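Data block below; observations after.
The values are calculated or read from the model by the stated rules, or taken from the named source; none is laboratory data. Keep in mind the model is a prediction, meaning the values are calculated, not measured. Positions of Cβ are backbone-derived with ideal geometry, glycine not excepted, and every protein chain shown enters the neighbour counts. Ligands, DNA and RNA are excluded from the accessible area calculation, which covers all protein heavy atoms including side chains. Shrake-Rupley method; radii C 1.70, N 1.55, O 1.52, S 1.80 Å.
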Amino acid sequence: MKTIRRREFLGAAAAGGAALMMGAKSPALNLVPHYAFSAPQAADARIEILLNEKIGQISPDIYGHFVEHLGGVVYDGIWVGEDSKVPNVGGIRKELIDHMRRIKASVVRWPGGCFADSYNWHDGVGPRKDRPRRTNFWVDNRGNRASQAYANLNTGPQKYEPNWFGTNEFVRFCKLTGMKPYIAANLRSLPAKDFYEWIEYCNAPAGETTLSGARAAAGDREPFNVEFWGIGNESWGCGGRFTAEEYSTEFRRFIAWAPRYGVNLKYIAAGPNGGDINWTRGFFNSMVAKGANQLNSVYGWALHYYANTTGAGNALEYTTDEWYELIARSDRMESLIEQHWAVMGESDPQHRVKLIVDEWGAWHNQHPSLPAGYLFGYPGTLRDALIAGLTLDTFNRHADKVVMANVAQLINTIHSLFIAYEDKFVATPNFHVFEMYAAHQGGQAVRTLFSAPTLSFKRAAPNPPPQAMAQMSPQQRARMQAEAQATPTLWGLQGSASLNEKTLTLTVVNPHATEARETEIAVRGARVQSGQATTLTAKDIHAHNNFEDPRALTPSNSTVQAQSGAVAYRFPAASVTRLQLSLA
Ligand code: AHR
């Protein structure tokens with residue numbers, strides 16, 4: 001573990017600060033600081049918040065969620081049933097509802113994921129006792145991640161979908177939690193007609209059609225007015241293995257006629273897997289080849305990106321290097337947004353289509369501390385919390401490009417905010433980050449500069465399965481070896497800032513496993529009067545909550561003192577911090 005020596009950094013930071021004051025970085029800067037900065041001796045980092053450099057309004061939908069019929073997400077994460085001994089509201093776990101309200105959850109995507117392209121929505125409506133039992137998409141081994149987990153599926157709802165939680169239950173869940181529904185339609189295995197009928201079931205006035213009558217008969221007379229509709233999911237893979245051009249044709253066919261019932265339908269197209277620029281370019285080129293206005297009907301282009309665990313570690317056990325590596329992998333989100341945005345701009349220079357990241361998170365192997373049927377389930381640690389913080393910060397910094405994001409997934413799988421089993425319910429460290437970051441929703445994102453000593457780490461030796469190794473070309477093998485030998489680096493502090501009237505919210509991640517960062521915080525264009533800090537950290541980088549100790553890792557609050565309009569703050573090692581600063 002090597003860091004830049006403090007003296008070297010202070011020299012560099014001082015030079016950087018002088019350049020900034022002289023206007024070398026941007027003519028838009030307010031060149032005369034409103035404060036006299038009394039730099040604390042020990043400061044080795046600096047944050048400058050440029051109030052006059054507005055990025056865009058942070059869409060509350062960036063703080064969105066994702067629910068798939070996979071493992072323990074729906075059954076028994078969300079749906080426990082009306083007769084359950086687990087406290088519930090109409091069959092939906094009450095503790096989950098209460099927690100979702102705390103984080104001002106804005107939108108939720110459902111029913112998948114890969115499941116969406118195998119789901120027939122007709123199966124999930126009507127009297128619950130009459131609904132058919134179907135085979136769940138995830139019944140078989142569909143990949144090499146935690147493949148053993150599939151073998152452990154019992155014959156319960158994780159394997160055979162009972163359709164107890166369908167459209168009405170989903171929309172009731174949305175209403176109870178204050179979230180907007182985002183429905184992913186089945187493009188691979190149902191005709192477009194079923195998509196139109198689903199819109200009709202959701203949005204047509206009661207009494208006007210048979211389908212809207214069926215909705216009303218189920219107890220929901222008022223139309224659901226669902227705005228967000230995904231056209232398939234991962235259509236390059238589980239969603240149909242289309243080429244980008246084929247998908248563009250299917251997308252246009254699906255949306256060519258859809259009844260609106262007065263609702264402004266917002267279509268979301270299935271975007272790329274991580275850095276697959278060709279998928280983005282292929283879709284956009286193909287859309288405009290059909291006609292310049294074709295992109296008008298695309299609200300969002302949905303990127304998926306997961307940071308996968310590397311090395312021998314798992315969700316709860318990892319080395320310090322593996323801690324850094326996964327954080328660095330997650331940080332790839334920034335370049336993905338920039339790269340895809342640039343390619344989208346080639347065919348859509350006015351950027352009518354915005355980015356949506358409707359699946360993101362850190363993906364580890366399933367952990368044995370959760371039931372075997374909970375595919376990809378694990379409790380999540382402080383490491384996941386830092387990843388949540390830095391990813392949400394990335395979205396805030398790109399508030400002009402990203403209009404929605406949905407963490408994968410809400411409960412009991414992958415980067416979840418909660419784990420639940422029967423009557424046990426635990427908020428993971430990710431939940432606490434979402435609660436802290438809710439203050440950004442609707443705020444004006446402003447450009448913020450971070451300087452702190454960069455850190456470097458050793459990459460875990462690549463360990464691909466022998467079959468994968470055998471299939472690699474000599475070039476791929478050489479690239480893998482070169483990557484393994486390189487010394488990767490990671491920024492020392494990163495974050496985002498947003499303004500809401502006179503309150504500035506600054507969120508900051510310090511990834512250093514052992515070193516705190518003494519930081520000078522300056523707000524260009526205003527004076528800080530006072531502030532409050534909320535910090536999520538622990539001495540042990542593996543800290544997490546579980547059924548035995550549900551409050552092992554929770555945030556703590558403190559008061560921030562301002563001096564001459566600025567703030568000196570010590571960001572603890574391995575922490576996510578929110579500062580709320582009152583400005584004059
Ligand atoms: O979130 C789990 C799965 O990951 C989703 O079903 C799929 O879209 C992605 O590959």
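With respect to the chain, whose longest principal axis is taken over its alpha-carbon atoms, helix 382-397 is tilted by about 90°.
Percent of Cα pairs in the stretch 380-442 per distance bin of 10 Å, from zero to the largest separation: 21, 51, 23, 5, 0.
Around the amide H of Val567, modelled in the peptide plane, lie the amide H atoms of Ile521, all under 5 Å away and 5 or more residues distant in sequence or on another chain.
Enumerate by residue number the chymotrypsin sites (Phe, Trp or Tyr not before Pro) in the stretch 195-273 meeting two conditions: DSSP loop (anything except H, G, I, E, B), and at most 11 other Cβ atoms within 10 Å of the site's Cβ. Mind dumping the intermediate values first?
Numbers: sites: Phe195, Tyr196, Trp198, Tyr201, Phe224, Phe228, Trp229, Trp236, Phe242, Tyr247, Phe251, Phe254, Trp257, Tyr261, Tyr267; in loops: Phe224, Trp236, Phe242, Trp257, Tyr261.
Listed in order of number, the matching sites are Trp257.
Excluding ligands, DNA and RNA, what is the solvent-accessible area per residue of the chain at a probe of 1.4 Å, expressed in Å²? Here the residues of the chain average 39 Å² of exposed surface.
Phi angles across the stretch 294-305 convert, under the Karplus curve 6.51 cos²θ - 1.76 cosθ + 1.60 with θ = phi - 60°, into 3J(HN,Hα) values of 4, 6, 4, 8, 9, 7, x, 10, 9, 7, 10, 8 Hz, Gly and Pro given as x. Cross-link candidates for Lys180: which lysines have Cα within less than 16 Å, leaving aside residues fewer than 8 places away along the same chain? Cross-link targets: Lys104, Lys266. Other residues whose C-beta falls under 12 angstrom from the C-beta of Ile78 contribute a net charge of -1, scoring Lys and Arg +1 and Asp and Glu -1. For the chain, the longest principal axis of the Cα atoms and the long axis of helix 167-177 meet at an angle of about 30 degrees.
Rounded to the nearest 5, the antiparallel percentage of DSSP beta bridges internal to the chain is 60%.
Seen from Met333, the other residues with C-beta closer than 14 Å to its C-beta sum to a net charge of -2, counting Lys and Arg as +1 and Asp and Glu as -1.
Ignoring the sites themselves, the chain has its longest run without GluC sites (Glu not before Pro) in a DSSP loop having at most 13 other Cβ atoms within 10 Å at 83-207.
Under 17 Å of direct C-alpha separation, and excluding same-chain neighbours fewer than eight residues apart, Lys458 reaches these lysines: Lys2. Projecting the Cα atoms of Gly313, Trp301, Gln366 onto the dipole axis of the stretch 284-414, where Lys and Arg carry +1 and Asp and Glu carry -1 at the beta carbon, places Trp301 farthest toward the positive end. Surface composition of the chain: carbon plus sulfur atoms contribute 49% of the solvent-accessible area (1.4 Å probe, protein chains only, all chains present). Listed cross-link partners Lys94/Lys129; Lys94/Lys539; Lys159/Lys424; Lys85/Lys539; Lys175/Lys424 are compared with a 30 Å cut-off, the Cα-Cα value being larger for Lys94/Lys539; Lys85/Lys539. Taking Cα atoms only, the orientation of helix 6-21 departs from the longest principal axis of the chain by about 80 degrees.
For the peptides 378-384, 491-497, the ranking by packing is 378-384, 491-497, with the highest mean count of neighbouring Cβ atoms within 10 Å listed first.
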